[in-house]
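Working notes for the structure below.
What follows is calculated from the coordinates using simple rules that are stated; it is not laboratory data. Keep in mind it's a predicted model, so treat the numbers as computed, not measured. Here Cβ is always computed from backbone atoms with ideal geometry, including for glycine, and neighbour counts include all displayed protein chains.
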Amino acid sequence: MPVRLTGLALVACLLSACAAEVDPVPTLAIYKYPQEHFQSVVDNCNKRAAGRYKLVYRKLPREADGQREQLVRRLAAEDADIDIMGLDVTWVAEMAEARWIREVPPGVREEVERGTLAIPLETARWKGKLYGAPDNTNVQLLWYRSDLVAEPPTTWTELLAAGAELKRQGKPHYVEAQGKSYEGLTVLVNTLVNSANGSLVSADGQRSTVDSGAVAALRQLKEIASAPATNPAFASSAEDDGRRAMQAGRSAFMVNWPFVYQSMRSENPGLFPHLAWAPYPRISADTPAKVTAGGIDYAVSSFSRYPAESFDAVLCLRNKENQRIGAIEGGVPPTLESVYDDPGFAEAVPMKDAILDTLRTSSVRPKVPSYQTVSSTISSLLADPASLDPAAVAAELRTAVQDALDSKGVIP
């Protein structure tokens with residue numbers, strides 16, 4: 001509690017260098033990945049705070065694994081110098097279960113929920129309670145060459161057939177997706193499983209399910225991996241590999257995140273006018289794909305000395321004005337639906353309607369404290385997707401995922 005001194009006592013305190021304890025302005029440290037233009041958001045919130053607190057931006061490593069490692073080490077040590085964190089959506093359950101982040105309190109919770117898209121909001125919940133405030137989100141789309149394809153395919157079957165026809169014609173034809181054994185493969189599998197109305201883990205995060213829908217998804221994965229039109233490097237391909245192949249003119253189709261749009265514009269302006277987008281391919285023609293949502297949720301540390309001020313700052317950091325900065329200047333899709341109506345966002349991200357439509361039918365990754373283990377288990381077992389036996393691998397996956405769920409959850 002701040003110490004208030006008057007008269008001679010105050011003079012004595014000043015002379016003894018204890019002035020720092022007199023009504024200090026709380027300094028709130030926000031730990032987040034390096035994000036262009038984010039300092040201007042912090043400056044906006046400091047101006048709004050009007051001296052009630054001061055936000056300081058502490059940059060985490062650029063890579064997600066490095067970000068998580070630093071946060072886990074600090075939180076495990078009950079570091080009180082962390083107040084606010086920008087968490088990958090897959091970390092919320094882990095850190096809430098470890099009691100490292102605070103439940104969003106009444107009053108703040110209602111503000112966070114108001115106007116926020118449903119699926120991004122769901123990423124911030126654990127066991128029915130809200131532990132985060134969604135900042136930005138993301139989903140993959142189908143990207144294609146409009147000079148090669150008059151109308152984009154709707155289903156994976158149509159997509160692979162269109163690629164095969166382009167190959168027969170001797171034209172660029174590769175289909176690009178993330179088949180490398182890493183998080184990108186887990187994202188692809190999660191999208192396919194949800195699109196097939198299947199599941200990998202029960203809603204309470206306790207049981208491995210890996211049901212018939214998951215078997216159908218694995219069958220679709222095998223078809224993608226072994227199709228003549230798919231890039232032969234599929235099993236070692238990540239997001240950037242597909243992006244580079246598309247920019248080099250070797251590919252006709254790609255499922256990827258919206259960052260590829262700006263990349264193509266800056267790195268291959270000649271091909272850029274022919275880069276078009278469409279909804280993510282469906283498994284079944286009558287069922288929209290349930291694309292895996294990504295993004296960042298703000299959370300307040302359980303060890304912060306200033307939780308009330310931190311939650312107030314969170315509301316500012318992700319308000320409409322500041323999400324607009326991230327959306328227009330940084331190109332990251334917002335979680336507040338009203339920002340999608342902003343003319344400036346439409347100019348910066350012309351595929352914003354496709355993103356919004358995709359988010360409305362999107363899906364979340366398994367919400368479990370041991371997500372890191374679950375994800376690596378999935379991607380490891382599916383490392384050779386072209387030759388897998390869907391039913392046999394599903395049975396193996398069911399057991400392996402249960403073993404992962406039974407782990408402690410917090411992994412170094």
Listed with the fewest Cβ neighbours within 10 Å leading, S310, S40 appear as S40, S310
Tally the DSSP beta bridges in region 25-169 and give the antiparallel ones as a percent, rounded to 5.
20
Amide H neighbours of N256 under 5 Å, at least 5 residues apart or on other chains, H built in the peptide plane: list them.
L141, W143
Please give, to one decimal in nm, the separation of the simple spin-label points placed at A308 and D353, each 7 Å out from Cα toward the Cβ.
4.7
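Can you tell me how much longer the chain between K47 and E321 gets when fully stretched, taken as 0.36 nm per residue apart minus their C-alpha distance, in nm with one decimal?
Numbers: separation 274, 0.36 × 274 = 98.64 nm, distance 1.33 nm.
Separation in residues times 0.36 nm, less the Cα-Cα distance, equals 97.3 nm.
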Between K127 and D406, what is the label-to-label distance in nm when each label sits 7 Å out along the Cα-to-Cβ direction?
2.1
Looking at region 116-219, which trypsin sites (Lys or Arg not before Pro) are in a loop (DSSP not H, G, I, E or B) and have at most 12 other Cβ atoms within 10 Å?
K127
Kindly put V260, V25 in sequence by how many other C-beta atoms sit within 10 Å of each C-beta, fewest to most.
V25, V260
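Pull out the extension gain between R265 and D79, defined as 0.36 nm times the separation in residues minus the alpha carbon to alpha carbon distance; nm, one decimal.
Extra length from R265 to D79 when fully extended: 62.7 nm.
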Per the 1/(1 + (r/R0)^6) rule, R0 = 35 Å and r from the Cβ atoms of R168 and R360, FRET efficiency to 0.05 is 0.45
For region 27-85, state which chymotrypsin sites (Phe, Trp or Tyr not before Pro) are in a DSSP loop and have at most 16 other beta carbons lying within 10 Å of their beta carbon.
none
Most exposed first by the Cβ proxy, i.e. fewest other Cβ within 10 Å, how do S263, S407 rank?
S407, S263
Run the quick spin-label model on D65 and E337: label points 7 Å from Cα toward the beta carbon, then report their separation in nm to one decimal.
3.9
Computed, not fitted: 222 nm per-residue ellipticity of the chain from DSSP H runs ≥ 4 (each -39500 (n - 2.57)), nearest 500, equal to -12500 deg cm²/dmol
Fluctuation leader among V41, V108, V332 - the chain, Gaussian network, Cα springs under 10 angstrom:
V108
